[in-house]
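The values are calculated or read from the model by the stated rules, or taken from the named source; none is laboratory data. Computed from a prediction, not measured in an experiment: that's the story for all the values here. All Cβ positions, glycine included, derive from the backbone under ideal geometry; neighbour counts span all protein chains shown. We work out accessible area using only protein heavy atoms, side chains counted, and drop any ligands, DNA or RNA first. Shrake-Rupley method; radii C 1.70, N 1.55, O 1.52, S 1.80 Å.
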Amino acid sequence: MEIGDLVLQNSEKYMLLLRSLYLQKGYQPYRMSKFEEYDLYAKNKGFLMSDNVITFTDTNGRLMALKPDVTLSIIKNSKDLPEVTQRVCYNENVYRVIKDTNSFKEIMQTGIECFGKVESEDIYQVIVLAAQSMQLITDDWILELANLDAVLWQRLQKESFAGNLRLTAKLDADLNYYNGTIMKGYINGIPSPVLSGGQYDPLMEKMHRRSRAIGFAVYINLLERVAGEQKDDGYLNVALPKGRLGDKVYGLFTGAGFGSPQYSENSRKLFFDNDEKRIRYFWVKPSDVSKYVERGAADIGVAGADILREYSPEVDELQDLHLGVCRMVVAGPRDFEDDSTKTLRIATKFTNIANKYYQSRGRNIDIIKLHGSIEIAPLLGLSDVIVDIVETGTTLKENNLRVLEEVMSISARLIANRSACKFKGEQIEALKNKLAELVEEKND
């Protein structure tokens with residue numbers, strides 16, 4: 001009996017197709033337990049995406065963990081054979097904290113590991129297999145490569161999929177983990193990389209292995225969105241922040257020649273297009289712009305530097321637009337004097353920025369997160385100081401507060417979804433260049 005597409009979910013279908021591909025290429029299936037001794041992750045935290053690991057005590061009293069990483073388990077449980085090339089493939093779940101919700105999620109990965117005697121030809125074949133994996137999933141894909149040997153790149157240019165490869169000087173990856181070729185695979189319409197990997201000899205050294213290693217994983221969960229998604233209509237989707245800043249930003253876009261005839265100041269429409277320039281605008285709350293861009297609902301957007309530093313969204317920051325200029329400061333009562341022997345109490349809604357700022361100074365602090373009327377906190381004795389945005393300083397003066405220190409300068413930044421940069425790069429670059437010319441003219 002054959003199991004068809006009506007029975008299989010999208011993720012299951014791709015998992016089986018990829019497994020079949022890897023088995024055909026000589027990779028041996030590898031199965032492992034959902035659990036590992038926590039000590040493995042405690043000793044190798046630098047190679048994990050997050051320090052957060054789900055732990056429990058087994059019936060023998062050992063501290064165990066649900067796997068947050070596949071590679072560590074494979075290397076730990078395999079023999080160190082530096083003269084033998086070992087090739088394994090796997091379908092495994094890992095358990096990681098998702099940044100948005102700060103909660104754990106079960107993530108299905110399908111991938112390969114090639115370790116032991118790893119030479120140039122082995123690296124080449126792994127890259128080819130990564131490309132074939134992308135090719136198997138969709139026709140609309142890009143595999144980005146960094147730190148690649150020039151000879152291997154020339155060889156790859158002779159492959160049928162060469163048009164889908166991109167060589168870049170830098171990829172967003174942990175260089176403490178990777179030491180050579182790095183790869184990331186993107187699918188049009190999916191905001192995050194669906195494939196990630198590279199050479200990870202530093203991990204082998206950390207685990208006292210004499211072998212070398214390279215591998216990649218495909219994130220099966222993301223592939224649920226491949227089939228049935230609405231086809232891209234070729235428009236560049238732009239998230240604009242509502243309010244005064246948004247009006248200034250839209251004015252800048254209009255001045256650069258990308259305005260929309262559908263726009264009206266008094267309209268309540270959330271969407272308006274420019275069919276000639278193939279660009280679509282929509283209004284969102286300023287603090288949400290980066291989320292729309294990060295998740296791929298918008299290709300580009302404009303967000304304040306305060307939001308970008310506070311939440312660290314996975315977006316590309318393209319340009320400072322020099323709009324909405326203000327400062328993030330530490331402020332307190334006029335007669336305030338800091339006593340370094342006491343814990344400094346700080347009221348703010350920018351908890352991450354405040355934490356990083358005072359950590360860099362080695363100051364012991366107690367952060368109180370508030371969502372509004374920050375200035376009143378030190379006046380009522382809730383905090384010693386505040387960390388907040390100041391534009392003119394009028395509100396501080398009216399409440400008998402003064403600026404004590406400047407944390408950072410703030411302005412509006414043009415940001416882009418990382419996947420959109422691969423598939424709509426020309427459109428984004430053309431708009432960015434026009435905006436840059438206009439910003440330069442206004443600042444001269």
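Annotations for the structure displayed:
Per-residue answers, yes or no, for (1) touching a Ser or Thr at 6+ places or on another chain (Cβ under 9 Å); (2) touching a residue at least 12 places away in the same chain (Cβ under 8 Å):
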{"residue": "Glu375", "(1), (2)": "yes, yes"}
{"residue": "Gly381", "(1), (2)": "no, no"}
{"residue": "Val387", "(1), (2)": "yes, yes"}
{"residue": "Glu406", "(1), (2)": "no, yes"}
{"residue": "Leu414", "(1), (2)": "no, yes"}
{"residue": "Cys421", "(1), (2)": "no, yes"}
{"residue": "Glu426", "(1), (2)": "no, no"}
{"residue": "Leu435", "(1), (2)": "no, yes"}
{"residue": "Lys442", "(1), (2)": "no, yes"}
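- Matching residues, the stretch 262-291, being open to solvent by 90 Å² or more (accessible area, probe 1.4 Å) and not in a loop (DSSP other than H, G, I, E, B): Phe271
- For the stretch 362-379, a residue qualifies if it is open to solvent by less than 80 Å² (accessible area, probe 1.4 Å) and not charged (D, E, K, R), and the qualifying residues are Gly362, Ile365, Ile367, Ile368, Leu370, Gly372, Ile374, Ala377, Pro378.
- Residue list for the stretch 380-393, filter: charged (D, E, K, R), closer than 29 Å to Leu323 by Cα and either buried (at least 18 other Cβ atoms within 10 Å of the Cβ) or at pLDDT 95 or above (or both): Asp388
- Test: Leu195 is within 21 Å of Asp316 (Cβ to Cβ), within 17 Å of the chain's Cα centre (by Cα) and at pLDDT below 90: no
- Asp247 meets all of the listed conditions (1) outside any loop (DSSP other than H, G, I, E, B); (2) open to solvent by less than 60 Å² (accessible area, probe 1.4 Å); (3) not basic (Lys, Arg) but one, namely (2).
- Just one residue in the set Gly259, Gly296 is assigned to a loop (DSSP other than H, G, I, E, B), open to solvent by less than 40 Å² (accessible area, probe 1.4 Å) and at positive phi; that residue is Gly296.
- Asn237 falls short on exactly one of the conditions (1) modelled with pLDDT under 95; (2) over 30 Å from Cys114 (Cβ atoms); (3) of a type outside the set (Phe, Trp, Tyr), and that condition is (1).
- Inside the stretch 111-164, residues that are over 24 Å from Gln28 (Cβ atoms) and assigned to a helix (DSSP H, G or I) make up a count of 10.
- Residue check for Ile137: within 25 Å of Lys45 (Cβ to Cβ) and at pLDDT 90 or above: no
- Residue match in the stretch 71-78 (condition: at positive phi and open to solvent by 30 Å² or more (accessible area, probe 1.4 Å)): no
- Among the residues listed as Arg96, Arg62, the single one being at pLDDT below 90, in contact with a strand residue (DSSP E or B) (Cβ under 9 Å, 6 or more places away or on another chain), open to solvent by 10 Å² or more (accessible area, probe 1.4 Å) and not hydrophobic (A, V, I, L, M, F, W, C): Arg96
- Listed by first and then second residue, the pairs with beta-carbon distance under 9 Å, at least 6 apart or on different chains, first residue in the stretch 75-99 and under 21 Å from Pro202 (Cα atoms) and among the β-branched types (Val, Ile, Thr), second modelled with pLDDT under 95 and in a helix (DSSP H, G or I), are Ile75/Leu203; Ile75/Met204; Val88/Ile74.
- Residues in the stretch 318-333 that are open to solvent by 20 Å² or more (accessible area, probe 1.4 Å) and out of contact with any Leu (no Cβ under 7 Å at 6 or more places or on another chain): Asp320, His322, Val325, Cys326, Arg327.
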